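Quick notes on the structure that follows.
Each value in this text was obtained by applying a stated rule to the coordinates, not by laboratory testing. Keep in mind the model is a prediction, meaning the values are calculated, not measured. In this analysis, Cβ positions are derived from the backbone assuming ideal geometry, glycine residues included, and neighbour counts consider all displayed protein chains.
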C-alpha cells in the first residue's frame, strides 16, 4: 500500500455546497428520479431519529470513567506530539455533560416532536458500561424515563464507541482493538450484561442493534494512514482481517442473546456501491468485505475466513433486521493492502454526495440479496448549505423506500441526528433536528432543517 491519506467518511452527507445552484449532473439526477409520491393518505413509515451517545455526551469520552480505544489512542498520540480527540468539530457541536442532561433534553425534544417521529435510538457505549456502575444505572434510568415520556426507545450496543481500553494493545497502535484475542469474549459479556439489565425495562420485541457501521469503523481503525481512529492502525490489513473474524463471532452471539431475551436483533450496515469496479480480485474483495461479508455471516451462516466471497463452512443462520445506512459510494484507488497471503484488498476512495438513484439501487440490492430479512433505513443524514437541497434529498430517499419496499409502516426510516454531536470529519454539519433547549430543558427549538423535516413528515 502506498502512502496517502485514507479516511472513511461516515454519518454525514455532502458539505459546503453552494446554495441552490445545481450542476448538470444534479439536474439529471432529479430528472431521472421517480415522481413524487404523495403518502398523506397511505400508512406512514416508521420514522425515527438516532444518536450515537459517545458523539453526544462528554462523560462517554472521559478517560477516568470510560477508558476506551479513543482515550487510549489519544494518550498515545499526545505522547508523540500529535494529539487528537473527537470531536474535530469541538467549536460547532452542542454536547451534554452527562446522561442526565441528555435524557432531560431528549424528553423536552419529544414534547416538540410529538408522535411525528416516535422512535429514538441511542447507544449504550461498551467502554462506559464495562467500567462504570453509575453509567449502567444511569443508562437504565434514562431508558425508562425516555419511554415514560413517550419515546419508543431502541438501543445500539456498538456505535463508534470503539472498545474498552484494556483491548487497545501496546505501543504498536495497530495491535489491539477488535483484533485483540479477547475482543469477541469481551463484547459478548457486555451484550449479555446490557440485555440482563435492560430486558425488563424495554417492552417485549424492542429492537436492539448489535452494531452500527462496524465495517466503516474497522476500515478506518486499521487502514487510515493518519492513524487517528482506534486502534490507530496504518495499512494494517492483516490485523483488520483478524478484527473482522472476531467481530463476526461476537455479533453472532450478540444476536442470539438478543433473540433469546424476546427482543428483536438488528444490525446497521453502511453499504456503499463500488463504482469503477475493475473486476480485479482486490476490487471484488473490497466490495464483498465492506458490504456483504458480515451480513452473509449472520443471515446465511457463512464462514468466509478467506474473504473470497464463498462459504468455507456454514453455521446456523442468525437472522437479523437489516438497517441500511447510506452515505455515498466507493471508488477504487491505486492502493492495495494485504489481508492474508495471496489476498489483496483495494483501498477505497469515498464520495459522500447524496444520490437518490444510487440510494434506491443500493436498497434494492440489499433487498434482493436477503429477500426474507426485515429491512429498513437505520440512518440517513444530509448536510448542505441549502435547506432546499436537503429537502429534495429527503423526499427522494423517502419515495425510494416506498418504491422498493412499499409504503408500509413496518419499513422504518431513521434520521441522523436529534442533536448536534461530534462528527468525524471536517466540515459544517447542519443535519441535526433540535437546536438549543430552554432553561432546565423545558422547551427546545427546531433548527431550520428540523422545521422542514417536521413539515415534510407531518
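Per the listing 276, 262, the residue uniquely surrounded by fewer than 19 Cβ atoms within 10 Å (Cβ to Cβ) and touching a strand residue (DSSP E or B) at 6+ places or on another chain (Cβ under 8 Å) is 276. Inspection of segment 321-340 finds a residue satisfying the criterion of being farther than 30 Å from residue 256 by Cα and assigned to a loop (DSSP other than H, G, I, E, B).
The condition of being part of a strand (DSSP E or B) and at negative phi holds for only one of 146, 158, 175, 120, that being 120.
Criterion applied to 279, 309 was being within 27 Å of residue 331 (Cβ to Cβ) and free of Cβ contacts under 8 Å to residues at least 12 places away in the same chain, and the one residue passing it is 279. Restricted to segment 357-385, and to residues there that are within 17 Å of the chain's Cα centre (by Cα) and assigned to a helix (DSSP H, G or I), the residue that is nearest to residue 272 (Cα to Cα) is 362.
For segment 181-221, the candidate set comprises residues that are part of a strand (DSSP E or B) and more than 13 Å from the chain's Cα centre (by Cα); within that set, the residue that is nearest to residue 150 (Cα to Cα) is 207. Here residue 376 fulfils each of the conditions (1) touching a residue at least 24 places away in the same chain (Cβ under 8 Å); (2) farther than 28 Å from residue 420 by Cα apart from (2).
Inside segment 406-423, can you point out the residues that are farther than 23 Å from residue 153 by Cβ and buried (at least 22 other Cβ atoms within 10 Å of the Cβ)? Once the filter is applied, which keeps residues that are farther than 23 Å from residue 153 by Cβ and buried (at least 22 other Cβ atoms within 10 Å of the Cβ), segment 406-423 yields only 423. The conditions of being out of contact with any strand residue (DSSP E or B) (no Cβ under 6 Å at 6 or more places or on another chain) and either surrounded by fewer than 17 Cβ atoms within 10 Å (Cβ to Cβ) or closer than 30 Å to residue 207 by Cβ (or both) are not met by residue 381.
Yes/no matrix, rows are residues, columns are (1) in contact with a strand residue (DSSP E or B) (Cβ under 7 Å, 6 or more places away or on another chain); (2) buried (at least 20 other Cβ atoms within 10 Å of the Cβ):
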| site | (1), (2) |
| --- | --- |
| 336 | yes, yes |
| 341 | no, no |
| 349 | yes, no |
| 355 | no, yes |
| 358 | yes, no |
| 361 | no, no |
| 373 | yes, no |
